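Only one structure is covered here, and it is reproduced in the block below.
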Amino acid sequence: MKRIYVKEEWCLGCHLCEYNCAFANSGMTDMVKALRGKTIYPRIQVEQDENGVTYAVSCRHCNDPICVKSCIAGALSKKDGVIEIDHSKCVGCLTCVLVCPYGAVVEDGSGVAQKCELCMKNACGAPACVKGCPNGAIVYEERGEAE
Amino acid sequence: MNFYPEFEVVRNDSRCIRCRVCERQCANEVHWYDEDGKVMLSDESKCVNCQRCVTLCPTRALKIVKSDCRLRENANYSDQTIKEIYRQAETGGVLLSSMGNPNPLPVYWDRILINASQVTNPPIDPLREPMETRVFLGKKPDHITRNADGSLDTKLAPQLSLSMPVMFSAMSYGSISYNAHASLARAASALGIYYNTGEGGLHEDFYKYGKNTIVQVASGRFGVHKDYLEAGAAIEIKMGQGAKPGIGGHLPGTKAVGDVSKTRMIPEGSDAISPAPHHDIYSIEDLRQLVFSLKEATDYRLPVIVKVAAVHNIAAIASGIARSGADIIAIDGFRGGTGAAPTRIRDNVGIPIELALAAVDKRLRDEGIRNNVSIICGGSVRSAADVVKAIALGADACYIATAACLAMGCHLCRSCHTGKCNWGIATQRPDLVKRLNPDIGSQRLINLMDAWRHEIKELMGGMGINSIEALRGNRLMLRGVGLTEKELEILGISHAGE
Amino acid sequence: MKQYVIIGNGVAAAGCIEGIRSVDAAGSITVISAEKHPVYCRPLISYYLENKTDLKRMNYRSESFYSDNNVTVLYGRAVSEMHADTKKIVLDNGESSDYDALCVCTGSSPFVPPMQGLDTVENKFSFMTIDDTLALEKAITPESRVLIIGAGLIGLKCAEGLHNRVKSITVCDLAPRVLSSILDDKCAAMMQKHLEANGISFILGTSAKEFSGSHAMMQNGAEVDFDVLVLAVGVRANTALVKNAGGNVNRGIAVDEACRTSLQDVYAAGDCTEYHDISSDSVKIMALMPNAYMQGHTAGVNMAGGTAAFDNAIPMNSIGFFGLHCHTAGSQPEGCEMYEEADESHIKRLFVKDDRLTGFMLLGHMHRTGIYTALIRNRTPLSSVDFARLKIEPQLAAMGSAYRDKVLKGAV
């Protein structure tokens, strides 16, 4: 099962992944039209630690996803290893935000929850954050548990 | 004296999405976000036109253009000349520059054209026919003898084996970053060619690439010790550099930090000054002593390269080197790059590599000592065509550095000496160094060399030549255009149409 | 082939089905459902009134959920007796059924304290089920004046749901503040102000003394005229079956970490149970949907012979009204320290005791709050993280690079 992983040593903290994510999920074909003058609500978050190390955090697509178990609307589910959200069912209670230990489920700006779905539902086809990272700091690959 | 900035940041506000990537990526702190006005602003006086912001701007909202605010036009006193005078009047200092001479002096490569076969001799299709790009660098025997079973009786001098006639030339760890070195080392290793440590020593992490490493010994002797010499595949004595013939080097103490100082074997923060001369070399005989000391130190296993800048009497100098016991001569032309050099030296000292190369090859042939040494040609070899022309003029292989830097992301802003390379190459600032991921850097170098190898094969095939050996010194394959009789004579080629 | 019986058809039951099927694909599963609906999400009834969802989308699982999982559902049936010794249940129609493992997911029922004259009120409703909701919806008109007894989660969600569909809403509660089960005074005051700004009226700190027709008289003398009355005072766990069968029952059915009751092969999950809250180290009823699912799933796995434990339960609530969202979790044990950050529209209160985050109340903060929840749930020593940074903003950056490596560099 391929997932998104970050390589801290190559993350530049440029935040392009956040913008590429917001654009990929905007449903629009022009980034300027999609993002200009708007607050973005990306599904990937760049963090910086006390040593200045930066890295991006997005859904881990956990083996035992507490967000799916906690969803009060049955809107979250895991299919073929990907945790998906059915936006037609989500009512915006944000219980998933309250339980995700990685802070990977976020509010979308209109009151409902959103999360990384590996760009499988948008026109991008492959994770936009991975494709757009200028330094190969985000990868989409198969891995076991971290040592 | 305040000048209007050299470059202008042109921001198309109708495309700017305020992602602030430009701001985060500019080590010169040109861009900043104004919270009050919700706009990106810029201080153009700090811009060096490295194009990092332009490249990373996701909406193509940025371009950097040359300012058209110029002093009154004067064909003699150019804008730049006048501003340099102002700067010197202000500071009393020597002007510093980086990378190769950018001035519009003749580029002979561009005045030389390559032959192709038509009708009377067939071209070779490199996709169908074998084509040999492998070359060996080192002293070649005048004749060989074989044993009864056919095996070689003659003992060969040590050789460097290159899968293609291009290598990455010397750039020290210190002048360029750890990740740049890692990229070069990994690419050289994958390609079956060599990279060169420059005078910065060899970081312990890179000993594993020793089989593809040329270790340099220069006038400061920084980083030189027994393990270092033995780690490489060849040793290069650096007598001079094309960008700054006749002067030494100077790594400011601010760059001699951490592993750089450790690798150079100097105290942290101390200036690393390489003297102009080697203080033990004042003659070919002295050079011979160093060549043999190094050979002795490494059991005569490794070929020794002597690198010199292309200067006026280069042919005579090369003749001397060919008799010094050196295995390879590297000649560096006046367009060669540098991490920092006095501007006046870089722009006014030395001669074009094309002329130097032709002169050296001819002189060594005339003296019957061409096989004593191999010749490496460096100092602005920009493409596969330049490589083919260099070989036809007599080179065994070429050194590239600027092209390699470009492959790694360099945009030739020529600000290496500031230490704030936004591309993670000519810098030691950790936040900038990490911008060059060697996974990407090495792959791009490999791609570039793969592309050049294909092109070299195509060009050779067109001429009906199927090996570098057969092309070397084959000046009949070259013709000059727009060159004077004298230039053609030195290059040893005929004019186009002849 | 094992026979599984699940009493109840809520989210705990759905969790139980999925738990069983994660271990045992073959056993027969029978669900006894008092309501005549497939499993749906009870908290969504207020969103239904608001038109944010509809009956179809309220279904918790797909239409084929029961058939996919090979489950027999007996709709409109209740269990009248259970016999743990003979492993048998008896239905209200007299039929009986054997089981190998039983899960009690009977949930809770509205609790209505005795109030004088309540029988004179014509339009009075509970707000627990789809049927309650549909009945309430039928009774209201744009001119309705609604009185809601209870300013807890159910009462206020009902108020939000009705807000655009009726003329006025008054909420009354004996407690002196709104959402008294999850918010303290300061947080409740901000929420109340926000609700009032959206047109909800409150009569707090008093209870209804007497009803007569469409008129209510409060203990403190206040009087309210209304057209529709909603009773949302509280709920009581449905424990009778287990109690009558001799099981251990307090306020809820007592279950352990494996969701076992004191009766052999009888499990229980969801709102009918009481269980251990690790944030306060006490046993309580935590009638919460996420916990109901996780209990049900745990029970299911164990019923089918697997091993699972739900051993990090905490109370937690994510609830919003008219755009002001509120995240709470854990508890505020005696002697805890509080870190606070507040302005006019935000409150952040973090409660710390013995080097652990024990709870929080967040109003207007909803970005990545799960990182806080995980601190409580994992009982992470705060001395092992950069709590000063975490206070400012939930972030993995403050959790140390070892934790980060574990969760970001490999599968989790």
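What follows draws every value from the coordinates through simple rules; no lab data is involved. Fair warning: this is a prediction, and the values are worked out from it, not measured in the lab. Every residue, glycine as well, gets a Cβ built from its backbone with ideal geometry; the counts of neighbours run over all protein chains shown.
For B:V10, the amide hydrogen comes within under 5 Å of the amide hydrogens of B:K63, B:I64, B:V65, counting only partners 5 or more places away or on other chains and with H modelled in the peptide plane. Both numbers refer to the Cα atoms of the protein assembly as shown; Rg and Dmax are 39.6, 127 Å.
The loop-placed GluC sites (Glu not before Pro) in region C:136-237, going by DSSP, that have at most 15 neighbouring Cβ atoms within 10 Å of their Cβ come out as C:E143. Along region A:37-47 the Karplus relation, 6.51 cos²θ - 1.76 cosθ + 1.60 evaluated at θ = phi - 60°, assigns HN-Hα couplings of x, 10, 7, 8, 10, x, 9, 10, 10, 8, 10 Hz to successive residues, with x for each Gly and Pro. Placing pseudo-labels 7 Å out from each Cα toward the beta carbon at B:M1 and C:N93 gives an inter-label distance of 10.3 nm. One compactness figure for region C:111-232 is 0.98, namely its Cα radius of gyration divided by 2.2 N^0.38 Å. Hey, what do the phi angles of region C:174-184 turn into as Karplus ³J(HN,Hα) couplings, whole Hz, using 6.51/-1.76/1.60 and θ = phi - 60°, x for Gly and Pro? Karplus-based 3J(HN,Hα) across region C:174-184 equals 5, 5, x, 9, 7, 6, 5, 7, 10, 10, 8 Hz.
Restricting the trypsin sites (Lys or Arg not before Pro) of region B:398-498 to loop positions (DSSP other than H, G, I, E, B) with no more than 14 neighbouring Cβ atoms within 10 Å leaves nothing.
Loop-located trypsin sites (Lys or Arg not before Pro) across region B:129-165 with a Cβ neighbour count of 15 or fewer within 10 Å are B:R134, B:K155, with loop assigned by DSSP.
How big, on average over all directions, is the shadow cast by the Cα convex hull of region B:7-93, in nm²? Result: 7.5 nm². Take B:333-345, C:74-86, B:314-326, B:110-122 and order them by the average number of nearby Cβ atoms within 10 Å per residue, most first; the result is B:333-345, B:314-326, C:74-86, B:110-122.
Each residue of region C:272-279 was assigned a 3J(HN,Hα) from its phi angle through the Karplus expression (A = 6.51, B = -1.76, C = 1.60, θ = phi - 60°), giving 7, 10, 10, 7, 7, 9, 6, 6 Hz with x at Gly and Pro. Rounded, prolate or oblate, given the Cα gyration tensor of chain C, with a/c below 1.5 counting as rounded? Verdict is oblate for chain C. Only DSSP H runs of four or more residues enter the estimate; each adds -39500 (n - 2.57), and after division by the residues of the protein assembly as shown the mean residue ellipticity at 222 nm equals -7000 deg cm²/dmol. Taking the inverse of the mean 1/r over every pair of distinct Cα atoms in region C:239-306 gives a Kirkwood hydrodynamic radius of 11.9 Å. With the convex hull of its Cα atoms as the shape, region C:323-408 has an orientation-averaged projected area of 5.7 nm². At the listed q of 0.09, 0.17 Å⁻¹, the Debye profile of region B:1-147, built from one uniform point per Cα, gives log10 I(q)/I(0) equal to -0.61, -1.10. Full extension of the segment from C:N70 to C:D131, taken as 0.36 nm per residue of separation minus the current Cα-Cα distance, would add 19.3 nm. Applying a 4.7 Å Cβ-Cβ cutoff to chain A, the cysteines left without a disulfide-compatible partner are A:C11, A:C14, A:C21, A:C62, A:C71, A:C90, A:C93, A:C100, A:C133. Return the unpartnered cysteines for chain B, using a Cβ-Cβ cut-off of under 4.7 Å. If one checks each Cβ against the other cysteines of chain B, B:C16, B:C19, B:C26, B:C47, B:C57, B:C69, B:C377, B:C398, B:C416, B:C421 turn up with nothing under 4.7 Å.
Along the Cα-to-Cβ line of B:D280, 7 Å from the Cα, sits a label point; which residues in region B:301-329 have backbone N less than 20 Å from it? Residues B:301-308, B:321-328 qualify, since their backbone N sits under 20 Å from the label point.
Within region B:162-249, all pairs of alpha-carbon atoms sorted by distance into 5 Å bins from zero give the percentages 3, 16, 28, 26, 17, 9, 2, 0. Shielding of peptide A:61-73 by partners, expressed as the average count of other chain Cβ atoms within 10 Å per residue Cβ, is 6. Database remark: amide H of B:A243 closer than 5 angstrom to the amide H of B:G336 (H placed geometrically; neighbours at sequence offset of 5 or more, or on other chains; Pro and chain starts carry no H). How big is the Kirkwood radius of chain B, worked out from every pair of different alpha carbons and given in Å to one decimal? Every distinct Cα pair counted, the radius reaches 24.0 Å. Of the DSSP H helices in chain B, those that are both long (alpha-carbon extent of 30 Å or more along the helix axis) and hydrophobic (Kyte-Doolittle mean at least -1.0) are B:438-463.
Across all directions, the average flat footprint of the convex hull enclosing the Cα atoms of region A:62-115 is 3.3 nm².
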